[in-house]
1. Looking at THR48, THR18, can you tell me which residue is of a type in the set (Ser, Thr, Tyr), under 9 Å from the mean Cα position of the chain (by Cα) and assigned to a helix (DSSP H, G or I)?
2. Could you tell me how many of the residues in the stretch 16-33 are touching a helix residue (DSSP H, G or I) at 6+ places or on another chain (Cβ under 8 Å), more than 22 Å from LYS62 (Cβ to Cβ) and surrounded by fewer than 17 Cβ atoms within 10 Å (Cβ to Cβ)?
3. Does the stretch 32-40 contain at least one residue that is part of a loop (DSSP other than H, G, I, E, B), in contact with a Lys or Arg (Cβ under 6 Å, 6 or more places away or on another chain), free of Cβ contacts under 8 Å to residues at least 40 places away in the same chain and under 12 Å from ALA54 (Cα atoms)?
4. Can you pull out the residues in the stretch 1-15 that are outside any loop (DSSP other than H, G, I, E, B) and either hydroxyl-bearing (Ser, Thr, Tyr) or surrounded by 12 or more Cβ atoms within 10 Å (Cβ to Cβ) (or both)?
Amino acid sequence: MARVTVEDCLKNVDNRFTLVHLAAKRVRQVREGSDLLVKSSSNEDVVTVLREIAAGRVIAKKK
């Protein structure tokens, strides 16, 4: 995947608000030392997390 877009992520997440919440939570996890779920070639944490979401590796819990 050359570029990750919001549309790529929305295929796996219900709406933009859920996407923002999920991405923010996952970025905090990564910055606290959690392992990455996709290979990262020196991308910023946010880009890597969006790639994880687009790949379906990170999902939001349904309430």
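1. After ruling out the rest, the residue left standing is THR48.
2. Within the stretch 16-33, residues that are touching a helix residue (DSSP H, G or I) at 6+ places or on another chain (Cβ under 8 Å), more than 22 Å from LYS62 (Cβ to Cβ) and surrounded by fewer than 17 Cβ atoms within 10 Å (Cβ to Cβ) number 1.
3. The answer is yes; a qualifying residue exists.
4. Answer for the stretch 1-15, where residues must be outside any loop (DSSP other than H, G, I, E, B) and either hydroxyl-bearing (Ser, Thr, Tyr) or surrounded by 12 or more Cβ atoms within 10 Å (Cβ to Cβ) (or both): VAL6, ASP8, CYS9, LEU10.
Listed here are the residues, each with its yes/no results for (1) of a type in the set (Ser, Thr, Tyr); (2) within 11 Å of the chain's Cα centre (by Cα); (3) at pLDDT below 95.
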| residue | (1), (2), (3) |
| --- | --- |
| ALA24 | no, yes, no |
| VAL27 | no, yes, no |
| SER41 | yes, no, yes |
| VAL58 | no, yes, yes |
| LYS63 | no, no, yes |
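The values are calculated or read from the model by the stated rules, or taken from the named source; none is laboratory data. In this text, all values refer to a predicted model and were calculated from it rather than measured experimentally. Backbone-built Cβ (ideal geometry, glycine too); neighbour counts: all protein chains shown.
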